[in-house]
Amino acid sequence: MSRDERCRTRTDAAVAWTTAHAAELAGVGVPLIGGAVFTPWLDLVSVAWAALWAANEFRLRRTTRTARQVAVATRPARPALSTSTDDEGERPPAEAGSRKEVSR
C-alpha cells in the first residue's frame, strides 16, 4: 500500500482525537485537579466545562449526521483480511509459531 492508502490504526485515531480535543481536555482536567489539590469548589468549573463540551459535541453530531452518512455510503469497500503467505503462495509451517500475521 502506498503512504496515502495506509490504514488508520486505533492508536492513530486516539492520538488524532486527543490532539484535536486538547483544549477541552485541559478545560475539564485542570479544574478537576485543582479541585482535588486546593478546593472542591473548582470541581464545579470542571463540571460546567464538561457540560458545555458535551452539549457542543451532541449539537455537532446532530448537525453533521447527513454528511457523515454520505461519506460512509460513498467510501470504497476495503478488501477482506487474509492470513499472510510466503512468496510461493504456500502457508507458513506450523512450527514457525502459532501467531498468524494479518495483511490487507
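The values are calculated or read from the model by the stated rules, or taken from the named source; none is laboratory data. Quantities reported herein were computed from a predicted structural model and do not represent experimental measurements. When we count neighbours, we look across all protein chains shown, and the Cβ atoms used for this are built from the backbone with ideal geometry, even at glycine. Protein only, heavy atoms only, side chains kept; ligands, DNA and RNA dropped before computing areas. Shrake-Rupley method; radii C 1.70, N 1.55, O 1.52, S 1.80 Å.
Summary table
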read-out	value
Pair list, Cβ < 9 Å and 6+ apart or interchain, from segment 44-64 residues that are modelled with pLDDT of 90 or more to residues that are exposed (fewer than 11 other Cβ atoms within 10 Å of the Cβ)	Arg61/Arg68
Candidates Val47, Val72, filtered to the one that is surrounded by 10 or more Cβ atoms within 10 Å (Cβ to Cβ) and in a helix (DSSP H, G or I)	Val47
Exclusive hit being modelled with pLDDT of 85 or more and open to solvent by less than 100 Å² (accessible area, probe 1.4 Å), set Pro31, Pro79	Pro31
Looking only at segment 65-79, and only at residues there that are without any contact (Cβ under 8 Å) to a residue 24 or more places away in the chain and not aliphatic (A, V, I, L, M), the one that is farthest from Glu24 (Cα to Cα)	Pro76
Residue that is farthest from Pro79 (Cα to Cα) [pool: residues in segment 1-21 that are open to solvent by less than 50 Å² (accessible area, probe 1.4 Å) and assigned to a helix (DSSP H, G or I)]	Ala16
